[in-house]
Each structure stands twice: as structure tokens, then as C-alpha cells.
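One structure below.
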Amino acid sequence: MQTLNSAARTLRALSPDQRFGKVVAVRGALIEVEGLSGAAQIGSRVRIGASGDAVEAEVTGLDGGLAQCLPFSDPHGLSSGTRARLVAGEFAVRPSDAWLGRMVDGLGRPVDGKGVLAAGAEPRPIKAPPPLAAHRARVGEKIETGVRALDVFVPLCRGQRLGLFAGSGVGKSVLLSMLARWTECDVAVIGLIGERGREVQEFVEDDLGPEGLARSVVVVATSDEPALMRRQAAWTTLAIAEHFRDQGLNVLCLMDSVTRFAMAQREIGLANGEPPATKGYTPTVFAELPRLLERAGPGLPGQGSITGLFTVLVDGDDHNEPVADAVRGILDGHVVITRRIAERGRYPAIDILKSVSRTLPHCHSTSENDTRLAARQLLSTYGDMEEMVRLGAYKAGSSAEVDDAIRLAPAIETLLKQGKGDRGHAVETFARLNEMLEPQA
């Protein structure tokens, strides 16, 4: 009798309508499945193979009677004729407060070896629309990042979205780690998209540390994982951030990097037969970027906010390459990190004159804006005359403005220089700048 009851419960749990197909072709990463016509939709989940060794996949294209699927894991071993089952429901995660201090993959599964994750009450779609523009709250008050160059010249406000634009090897990841530790927030959600595998533990243990990890959820998809998993990890990062935002919390969302999300989307588009457009990027890349980035920002009135910091890896130090150009137009400001400044040994290598925060000037007080503009003017003047000064072509006393720039610009540069453990405070930084800028008797 007990066996019959168990069988009855199993039968009741089964979906009354299940659709099956079979693999008819595998072309690189693309798996073509026949038999799902009329049921499979773009974004549908498909489980290919036997239960123990099944490959999870997503329908990314439809061609006549064929469903074009991309896998979330290595499809090695799949053969023609393998059975594929359409799974009901969309991809979703169930975040909860128990996720704080944990590392998950793009599907919300734990990858830190700390056991099973406690699921939240309600599923949250991985790919969700942003709040309606007409109903969203406005960007909030200024928050401290602990990075002096940012707090003075490129301030960050609650609910703002800021891009960190840099080439490879100029200190972008180190700057991100400083922001992860010091920026004021209730919860941090960190997406490491296409990251080097060896750097994940270094970031978690050395840069975040136990205290930073305790208030964070880390989503990881390393560079060796399939393109679909890297793209999914970016969506999951925003889905988790939205969960905490809806609880009324102020969330810091860090993503490293948006460029690797775009590269993953390019791979998916090319596998589906999309024509390459600008520099090989397919049209869907530029459609998906705003859908991802617009999910960050202020929530609805009564909700919290998602303050977004997104890194952009510029190709060949070209800050006008297609992805950088598209992202810069979507976000609320951009921080330019240049190799020229890094080579001088000033870290973080933020180019003050090329960086912009679209919350200025309103987020600073009048006196702070006066100080900021005066210091910026000095740096600009020094940048214009730097080569002449080094060549000895400038004669001291020819211009009082240039003389002031030559005297003060190096001191301002020194003030902006920070190590990983050197936390800045905005009040102190403005006070020191004001001391420098006071006219000499």
C-alpha cells in the first residue's frame, strides 16, 4: 500500500503535458532538436540526455521545425538521436538572505562547497524587465566610495550607474575591489563574468575579505564556461540584486565585466546565424546591453535601489570601440582609467579630465563644486603645458595661472594616489584640497 501511495504522489507531481524531441545535429556549440515545433519558444529550457548525465540547454533560435539550443555545460558525448525534453517554466532563481556570504553560478547553484543554498519563497525570473521609467524613484543622495578621485571629481549617488572603462592591466580589478570593500551599501551583489579562474578566490579572500563577503553574494562564470552560462551569470547578478532591492535595501551591484557579457552574446548570435555588424558584434549585442544595464538604478517608491558599477574592458585602449561607446551612452557616468597615468605609477589611474558623473553639480555643495572646479582647472592647465615644462620651453613667471598649475598639480596627483588598503574620506580630501588651493601670502 505504501508503494502505491508513493507511486501516486510521483504521478501527481508530473506535468500532464510533456514534449519530447531528439537531437538531429550538433554544429559546434549549437544543438539542433527536432520534434518540439509549436511548443518550444525562445528562452525555453531543454534537458538533453538521460537524467543522470542530462545537459541543460536553452532554446536560442527557431528554424522551421528545428529548435536551436545552446548548452550551459560542455555537450561532449552528445550523439544524434539523443532524447530532449522540454522543461516547463522559465529560468528563475530563488534568492534569500541565506545567500549572503555565498558564491553561486549563473543558474543560482552553489559553487563554494559550503552546502545547499536555502531557497527563497518566490522564484525570480533571471531575465526581467526594468521598473517602468515613469514610476521609478529618482537617484538618491551621494555615497562615499573611499576612493578620493571618485568622491571629489566623479561622485557616486545612490541608484546611479557608473562605468569603469579601462584597457587590460591598468588596475581596473584592483579599483573594483576597493569599491567592493568601501562603498556604502546594505548588500553587495558581485558578478564575475568571464573572469580568470585563478583570480576568483583571490578576489573573494584577499579583496573582499570575510567582512566584505558576509554582506555579499558573488556570481561566478569563468572564462572557460560556455557563452550561454556567461550571459546567464550577468542576468542572474541583476536578478539577485533586484531581490534585495525589493526588500527596501540599498544594493551595490558590481559587474566585471560588461564587455565579456557582450562577447558571450556575440558568440550566441553568431552560432544562431546572426550577421556580424560592427567589429564582429551582432545586432542583438546592442539590444541586450540596455536591457541588462537599465535593470540597475532606483526602484519604485518604497523600494530600495541598485547602485551599479560596471567595468568595460576597452579593446586596444580604444575608448571609442563599439561596446564602450554603447555602454557610455546608457550609463549615468563613466570613469576612464588610462595606461598613461598607470605608467607614471599613480594608482588608481583615473583620468580626471576624461571622467564624468552625470549627477554633477547637484550632488556636491556649492563650496565643494568650487573646490572641484578649481582643482580640475589646475590639472587641465598643467596637462596642456606639461610637455613644454619638461622640455624647458616655458619660462617661469610668464603666466600666473600656469605657475600655479606647475606648483599645485603634482601635489593634487599625490593626494589622489591610493593603495589597496588606503581608504579615503571625502571630508578630509576636500579639506586638504582647500588648503592647497588657498592663495599664498
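The values are calculated or read from the model by the stated rules, or taken from the named source; none is laboratory data. Everything numeric in this text was worked out from a predicted model, so none of it was measured. No Cβ is skipped: glycine too gets one built from the backbone with ideal geometry, and neighbour counts run over all protein chains shown. Surface accessibility is based on the protein's heavy atoms, side chains included, excluding ligands, DNA and RNA. Shrake-Rupley method; radii C 1.70, N 1.55, O 1.52, S 1.80 Å.
Quick look at the numbers
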read-out: Failed item in (1) farther than 17 Å from residue 194 by Cβ; (2) modelled with pLDDT of 95 or more, with residue 237 passing the rest; value: (1)
read-out: Flag for residue 223 being under 19 Å from residue 310 (Cβ atoms) and open to solvent by 10 Å² or more (accessible area, probe 1.4 Å); value: yes
read-out: Filtered residue count, the stretch 210-220, keeping only those that are more than 17 Å from residue 260 (Cα to Cα), of a type outside the set (Gly, Ala, Ser) and buried (at least 20 other Cβ atoms within 10 Å of the Cβ); value: 2
read-out: Residues of the stretch 113-129 that turn out to be buried (at least 17 other Cβ atoms within 10 Å of the Cβ) and either among the aliphatic types (A, V, I, L, M) or within 21 Å of residue 210 (Cβ to Cβ) (or both), as a count; value: 2
read-out: Selection count where residues are open to solvent by less than 40 Å² (accessible area, probe 1.4 Å) and over 17 Å from residue 371 (Cα atoms), scope the stretch 390-423; value: 4
read-out: Within the stretch 307-316, tally of residues that are among the hydrophobic types (A, V, I, L, M, F, W, C) and outside any strand (DSSP E or B); value: 1
read-out: Checking residue 207 against (1) among the acidic types (Asp, Glu); (2) open to solvent by 30 Å² or more (accessible area, probe 1.4 Å); (3) within 19 Å of residue 103 (Cα to Cα), the condition it does not meet; value: (2)
read-out: Residue in the stretch 291-306 that is part of a strand (DSSP E or B), touching a Lys or Arg at 6+ places or on another chain (Cβ under 9 Å) and within 23 Å of residue 419 (Cα to Cα) present; value: no
read-out: Any hit, the stretch 227-236, residues being open to solvent by less than 20 Å² (accessible area, probe 1.4 Å), basic (Lys, Arg) and assigned by the TED database to the domain that holds residue 316; value: yes
read-out: Residues being closer than 15 Å to residue 27 by Cα and modelled with pLDDT under 90 - total across the stretch 74-88; value: 7
read-out: Of all residues making up the stretch 237-264, the number that are within 19 Å of residue 289 (Cα to Cα), part of a helix (DSSP H, G or I) and either open to solvent by less than 10 Å² (accessible area, probe 1.4 Å) or outside the structural domain of residue 214 (by the TED database) (or both); value: 11
read-out: Complete set of residues in the stretch 135-145 that are more than 20 Å from the chain's Cα centre (by Cα), crowded, with 17+ Cβ neighbours inside 10 Å and in a loop (DSSP other than H, G, I, E, B); value: 136, 137, 140
read-out: Criterion (hydroxyl-bearing (Ser, Thr, Tyr), in a helix (DSSP H, G or I) and not assigned by the TED database to the domain that holds residue 298) met by exactly one of 394, 382; value: 382
read-out: Pairs, first in contact (Cβ under 8 Å) with a residue 12 or more places away in the chain in the stretch 120-142, second assigned to a loop (DSSP other than H, G, I, E, B) and of a type in the set (A, V, I, L, M), C-beta under 6 Å, six or more apart; value: 131/300; 135/300
read-out: Test for residue 416: is it in contact with a helix residue (DSSP H, G or I) (Cβ under 9 Å, 6 or more places away or on another chain) and either under 25 Å from residue 334 (Cβ atoms) or not assigned by the TED database to the domain that holds residue 181 (or both); value: yes
read-out: Single match in 107, 100, 132 (criterion: under 24 Å from residue 291 (Cβ atoms), among the hydrophobic types (A, V, I, L, M, F, W, C), in the same structural domain as residue 243 (by the TED database) and open to solvent by 50 Å² or more (accessible area, probe 1.4 Å)); value: 132
read-out: Complete set of residues in the stretch 27-53 that are open to solvent by less than 50 Å² (accessible area, probe 1.4 Å) and farther than 23 Å from residue 267 by Cα; value: 35, 36, 39, 49
